[in-house]
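The values are calculated or read from the model by the stated rules, or taken from the named source; none is laboratory data. As the structure is a prediction and not an experimental result, all values here were calculated from the model. Cβ placement follows ideal geometry from the backbone for every residue including glycine, while neighbour counts extend to all protein chains displayed.
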Amino acid sequence: YYSHPITVAQILTTLRMDLDSVCTALLHDVLEDTEMTEAEMRAEFGPDVTELVKGVTKLGQLELSRADLSKEGQQAENFQKFVLAMSKDVRVLIVKLCDRLHNMRTLEHHPKKESQQRIARETMEIYAPLARKIGVDRICSELEDLSFKYLNPSAFESISKRLQDWRESQMSAISELSTMLRDLFVDHKKKVRIYGREKRPYAIWRKLQRQGISFEDVADLYAFRIIVEDIPECYDVLGILHTHFRAVAARFRDFISVPKPNGYQSLHTTILGPDNQRVELQIRTEAMEEVAERGIAAHWGYKDNMYGYDSSKADGFDPLNQVRALVEMLEHGGDADEFLEHAKLEMFTDQVFTFTPKGKLIALPRGATPLDFAYAVHTRVGDTCIGAKINGRERPLRTQLQNGDVVEITRGGTPEPNPGWEGMVVTGKARSALRRLTRQGENEEFLRIGRVLADHAFAREDKDFSEGVLQDALKRLRFDSVEDLYIALGQGKLSVSAFMDGVFPGRSEQSEAEKLINRDLIDDSTAKLYVRGEGIREGVGIHIGECCYPIPGDRIVGIHTEGKGIVIHTIDCEVLETLENEPERWIDLAWRRSAEKTASIGQIITTVEHVPGALAGITAIIGEMGGNLTNIKTVKRSTAFFDMVMDIEVTDAKHLSQIVAAMRASVYVVSVRRARADTAD
């Protein structure tokens with residue numbers, strides 16, 4: 001109880017942290033393990049230290065509960081609390097990392113092997129990635145190696161032995177190269193500091209696993225760090241090295257011009273040394289070296305006779321930025337590529353770790369979507385999934401999940417598949433479940449649509465609907481059952497006209513206009529029958545956009561609109577330009593095949609000469625083209641022209657285009673076009 005806080009405080013001093021951080025290390029177990037109260041601590045040590053101790057205590061509550069060691073059993077019940085606590089003051093995280101480092105150094109004294117592995121896995125999956133996230137490389141690397149030792153002892157021992165053998169065989173060549181480098185820079189009168197570092201066992205293991213290579217193929221088992229005075233010297237030294245040694249193609253990286261998100265800066269290059277041994281060289285300034293080793297802690301120092309965070313040393317780098325990114329990941333689904341890279345064991349290299357609202361961890365393949373997540377929770381949850389919130393915000397089901405995302409699934413009442421969903425998932429479980437659900441659900445949906453279409457067809461011709469009448473028509477229409485007939489009607493394989501001809505043989509032939517009038521009209525009351533897409537469920541209203549009047553044949557999208565449900569727009573509707581920054585409101589829609597046998601209202605805007613007979617000539621054109629003029633509105637009138645808006649009943653977008661083309665050929669029409677959201681009031 002005494003040696004642990006003292007050792008943690010000593011580790012913090014090696015990072016040259018401030019006095020409050022060191023005091024926090026000494027006191028971080030007091031609130032939990034002694035009778036001292038928060039009020040007493042506040043009075044004795046002040047509010048700053050007390051708040052830091054409280055934050056570290058909260059981080060101590062993080063558990064990865066597991067009934068076994070499988071990824072499915074992983075839990076992270078307080079992950080959100082963990083991220084939020086450290087985001088308020090990054091020193092909380094730094095103290096906790098030092099606390100965990102000492103715990104890992106003494107883990108061999110823990111009595112249970114199972115507990116050792118649980119703590120090691122927790123360290124590898126949570127603490128080591130966070131250490132790298134804020135740039136504290138020396139702590140991150142040691143945490144990884146210590147965790148690796150307990151999680152995969154045979155691999156750790158094997159790599160350590162191979163590394164020792166390599167060291168013994170290559171030490172003379174490394175020493176020779178070190179001398180060559182020092183002599184080279186003396187000749188060029190460059191003041192540099194050179195030291196070497198050996199790649200650590202877990203870093204080697206990660207590279208072997210990720211790249212599928214052998215130990216002998218690892219190019220950077222040993223690296224030299226060349227420390228110079230300023231940035232121009234970095235590039236001068238690089239030029240000297242590339243002049244005197246053969247550089248390995250594609251191994252040069254400039255992290256000075258493009259720093260890593262955690263603030264790391266350096267030039268990396270690989271050269272061929274003695275005996276063609278590949279050696280990595282890292283060139284940086286002393287300030288960059290400080291950041292590389294101490295990360296965020298490098299920005300603490302003396303300023304105005306006070307020791308604390310020095311923004312001038314940070315050169316614009318915000319010490320909380322990387323932690324804020326984790327908070328953003330939870331709240332807004334922000335990018336977390338770097339955290340993803342380091343927040344997993346290499347055995348889970350292609351996985352992301354996501355969470356339920358209650359903190360249960362769900363491991364999924366990279367590229368997984370909320371729909372994969374739903375099926376991973378339970379097949380029934382996937383079957384009834386109709387939407388998802390990621391980090392508290394509604395997001396499309398096609399959104400790729402990022403490491404750390406908290407996913408809440410919105411469920412409907414009954415299982416209902418959606419076309420195209422199989423293409424949105426990557427897990428085999430989700431795909432097989434969707435195929436099963438699609439087979440069941442498609443026929444049910446087509447059956448429902450077919451019944452409605454049949455009922456509408458009877459009503460338009462003022463006939464009483466009954467399934468008894470349909471039984472008599474089955475043989476003529478070549479169907480085995482009324483259900484099969486409904487399904488074909490709903491699929492669009494059987495047109496409404498052919499259906500009625502089969503039910504009522506000898507129906508009188510209708511004119512084109514009569515056929516159009518007798519078609520089912522797509523409007524707000526029927527749109528749901530003829531449109532398919534993600535998010536369309538029972539109880540969700542579907543409305544035709546009055547800005548662009550979409551009709552079958554148009555490419556369409558849906559916009560979630562408060563108080564209305566989903567409003568359908570053409571893909572080129574001008575209203576959509578105002579919604580480009582709200583992608584969460586957009587859903588992909590398409591017309592069903594049955595929409596080909598319907599009528600729709602298309603709207604056009606036209607300027608017509610103000611002469612006798614003009615309007616009669618235009619209506620005649622519309623009639624001759626098979627359209628039905630249902631409404632005319634004059635929006636502007638002058639002595640020479642009329643500006644009018646016309647609503648025309650048509651079969652589809654092609655039909656409306658033909659009417660527009662015919663009108664343009666008229667001597668009375670100055671201009672004509674489809675409405676696209678700018679119709680005058």
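State the number of residues belonging to segment 633-652 that are within 30 Å of residue 496 (Cα to Cα) and surrounded by 18 or more Cβ atoms within 10 Å (Cβ to Cβ).
6
Please go through (1) surrounded by 19 or more Cβ atoms within 10 Å (Cβ to Cβ); (2) closer than 30 Å to residue 392 by Cα for residue 583 and return the number of the only condition it doesn't satisfy.
(1)
Condition test on residue 294, is it crowded, with 16+ Cβ neighbours inside 10 Å, at pLDDT below 75, farther than 29 Å from residue 165 by Cα and assigned by TED's automatic domain parsing to the domain that holds residue 172?
Yes, satisfied.
From 557, 567, 575, grab the single residue that is closer than 29 Å to residue 628 by Cα, touching a residue at least 60 places away in the same chain (Cβ under 8 Å), surrounded by 15 or more Cβ atoms within 10 Å (Cβ to Cβ) and aliphatic (A, V, I, L, M). So that I can check it myself, show each step before the final result.
Numbers: 557 fails: touching a residue at least 60 places away in the same chain (Cβ under 8 Å); 567 fails: touching a residue at least 60 places away in the same chain (Cβ under 8 Å).
Step by step, each of 557, 567, 575 is checked, and only 575 is closer than 29 Å to residue 628 by Cα, touching a residue at least 60 places away in the same chain (Cβ under 8 Å), surrounded by 15 or more Cβ atoms within 10 Å (Cβ to Cβ) and aliphatic (A, V, I, L, M).
Considering only segment 504-538, how many residues are part of a helix (DSSP H, G or I) and either of a type in the set (Ser, Thr, Tyr) or at pLDDT 80 or above (or both)?
4
Of all residues in segment 121-155 being hydrophobic (A, V, I, L, M, F, W, C) and assigned to a loop (DSSP other than H, G, I, E, B), which is modelled with the highest pLDDT?
Initial filter on segment 121-155 (hydrophobic (A, V, I, L, M, F, W, C)): 124, 126, 128, 130-131, 134, 136, 139-140, 143, 146, 148, 151, 155.
Checking the rest, the ones that are also assigned to a loop (DSSP other than H, G, I, E, B) come to 134, 136.
Values: 134: 74, 136: 80.
Only one residue tops the list, namely 136.
When you go through 225, 182, 246, 193 one by one, which is the residue that is loosely packed, with under 14 Cβ neighbours inside 10 Å, at pLDDT 85 or above and within 42 Å of the chain's Cα centre (by Cα)?
Testing whether each residue is loosely packed, with under 14 Cβ neighbours inside 10 Å, at pLDDT 85 or above and within 42 Å of the chain's Cα centre (by Cα) leaves just 246.
Please verify whether segment 333-340 includes one or more residues that are closer than 23 Å to residue 91 by Cβ, modelled with pLDDT under 85 and part of a helix (DSSP H, G or I).
yes
Residue-by-condition table, conditions (1) without any contact (Cβ under 8 Å) to a residue 40 or more places away in the chain; (2) loosely packed, with under 15 Cβ neighbours inside 10 Å; (3) more than 15 Å from residue 57 (Cα to Cα):
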site	(1), (2), (3)
3	yes, yes, yes
6	yes, yes, yes
11	no, no, yes
14	yes, yes, yes
21	no, no, no
29	yes, no, no
32	yes, yes, no
37	yes, yes, no
44	yes, yes, yes
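Within the set of pairs 6 or more residues apart or between chains, which connect a residue that is of a type in the set (D, E, K, R) inside segment 215-241 to a residue that is modelled with pLDDT under 90 and exposed (fewer than 15 other Cβ atoms within 10 Å of the Cβ) with Cβ atoms less than 6 Å apart?
225/195
List the strands (runs of 3 or more DSSP E) inside segment 555-655, counting only whole elements, that have at least 1 residues being basic (Lys, Arg). Give the derivation first.
Working: elements: 556-561, 565-570, 586-591, 598-609, 628-637, 641-650.
Filter on segment 555-655 gives 628-637.
Of all residues in segment 267-288, which are over 20 Å from residue 217 (Cβ atoms) and in contact with a helix residue (DSSP H, G or I) (Cβ under 6 Å, 6 or more places away or on another chain)?
If the condition is that a residue be over 20 Å from residue 217 (Cβ atoms) and in contact with a helix residue (DSSP H, G or I) (Cβ under 6 Å, 6 or more places away or on another chain), then 267, 283 are the ones that fit.
When you scan segment 360-370, do you find a residue that is of a type outside the set (A, V, I, L, M), buried (at least 18 other Cβ atoms within 10 Å of the Cβ) and modelled with pLDDT of 80 or more, even just one?
Looking for residues that are of a type outside the set (A, V, I, L, M), buried (at least 18 other Cβ atoms within 10 Å of the Cβ) and modelled with pLDDT of 80 or more, one finds at least one in segment 360-370, hence yes.
State all residues of segment 633-657 that are farther than 15 Å from residue 605 by Cα and not aliphatic (A, V, I, L, M); if no residue qualifies, say none.
638, 639, 651, 652, 654, 655
Would you please list the contacts, defined by Cβ atoms under 8 Å and residues six or more apart or on different chains, that run from a residue in segment 459-482 that is in a loop (DSSP other than H, G, I, E, B) to a residue that is of a type in the set (A, V, I, L, M)?
From residues that are in a loop (DSSP other than H, G, I, E, B), the pairs are 461/500; 465/454; 465/459; 479/485; 479/488; 480/474; 481/474.
Given the criterion in contact with a Gly (Cβ under 7 Å, 6 or more places away or on another chain) and among the β-branched types (Val, Ile, Thr), identify the matching residue among 648, 632, 618, 605.
On inspection, the qualifying residue turns out to be 648.
Failed condition for residue 673, given (1) modelled with pLDDT of 85 or more; (2) of a type in the set (Lys, Arg); (3) within 29 Å of residue 453 (Cα to Cα), with all others met?
(3) is the only condition that residue 673 fails.
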